[in-house]
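Read the structure below first, then the notes.
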Amino acid sequence: MPIPKLPIVILISGSGSNLQAIIDAVEENELPVEIRAVISNRPGAKGLQRASCAGLRTEVVDHTQFDNRTAFDEALKHSVEQFEPRLVVLAGFMRLLTADFVNHHLGRMLNIHPSLLPAFKGLNTHARALAAFKAGEIKNHGASVHFVTAELDGGPVILQAAVPIEKDDNPETLAARVLGSEHQMYPQAIRWFAEGRLRLQGNQVWLDEQALDAPVLFAPDDD
Ligand code: NHR
Ligand code: GAR
C-alpha cells in the first residue's frame, strides 16, 4: 500500500533552492507529500518561478503592504489556511513570525536554518561562523532542521549536518557548501514527518517512538 500523501504548504522569500530540492524529491517519488501551494512574502522571489515551472500554485503575501507584523501574519495565516496543510515548511523564509502564527501551527511547522544550532541564531550566520573559525573557536559550520516555536531559531532541533570550514573559505563559498547539505537533509526530515515517524511533544522531539536527547546527525543514506 502506498503511504497517503501529506498536504504541505511551503513558505519562501528568495531563491528557493531548498524548495527545488523538495520538488525534485517529490518528482522522484522519494517524498510522500502533496505541495498544495508555495507562498512568498516577496513578489520577485525566484522560487515563485521554480514553483510555477513545476505546476504548483503560488501566492504572494507582500509584507510591505501591511502596517505591522500582526496584520501581515493574519493575512499569511488566511493564505496558508485555505490550502489546509498538515505541515508548513519554511524554506528560506525571512520574516520573523508572531507567537500567534507559530502557535497555530505548533508541531506542524519546520524550518531549516544555516548553522549548527544553538550556535548562530538569526541572520548572517556564515560570516559569523567564519569569524569564530578565525578566532579558533570552531572547526565546523552547518545547518539544522528544527520545529518552529515562538522563540526565533530556538525550537527543538531534529536533524543537523556538519560542514567543515576550510582555511580559504569566504562567506559565499561556505554558504554554497552548507546549502548543498541543506538540499540533501531537508527532504529527509520532511519525509520522516510525512511517514508519521516524527513528532513534537512539549519541547521534545520524537523519532520512531524514541525521544531524541540530541539532534540526529545527517548521513545521506539514513532512511
Ligand atoms: N519565527 C519564529 N517565531 N520562530 C522561528 O524559529 C522562526 C520564525 C520565522 C522565520 C527562519 C529564520 C532562520 O532560519 C524563521 C524562524 C528571519 C529572521 C529575521 O530576523 C531571522 C531568522 C529567520 C528568519 N528577519 C527580519 C525580520 O525583521 C527580516 C530580514 C529580511 O527581510 O531580510 O523579520 O534564520
Ligand atoms: C538557506 O541557506 C536557508 O537555510 C537560509 O536561507 C537560505 C535560503 O536558500 N534560511 C535563512 O537564513 C532563514 N532566515 P534558498 O532560498 O535557496 O532555499
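Every read-out reported here was derived from the displayed coordinates using simple, explicitly stated rules and does not represent laboratory data. This structure is a prediction, so every number in the text was calculated from the model and none was measured. We place every Cβ from the backbone using ideal geometry, glycine too, and count neighbours over all the protein chains shown.
Tabulated data for the structure shown
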| quantity | calculated |
| --- | --- |
| Asp168 paired with His104, simple spin-label distance in nm, labels 7 Å along Cα-to-beta-carbon | 5.0 |
| Added length on full extension, which subtracts the Cα-Cα distance from 0.36 nm per residue, Ala214 to Lys121 | 31.7 nm |
| Percent of beta bridges antiparallel (DSSP, the chain, rounded to nearest 5) | 45 |
| Rounded to whole Hz, the Karplus (6.51, -1.76, 1.60) HN-Hα couplings of the stretch 16-23, x for glycine and proline | x, 5, 5, 4, 4, 4, 5, 4 |
| Peptide ranges 134-140, 87-93 listed from the most packed, as the mean C-beta count within 10 angstrom indicates | 87-93, 134-140 |
| Gyration tensor (alpha-carbon) shape descriptor, the chain, a/c threshold 1.5 | rounded |
| Alpha-carbon radius of gyration plus Dmax, which is the widest Cα pair, for the stretch 105-223 in Å | 14.4, 43 |
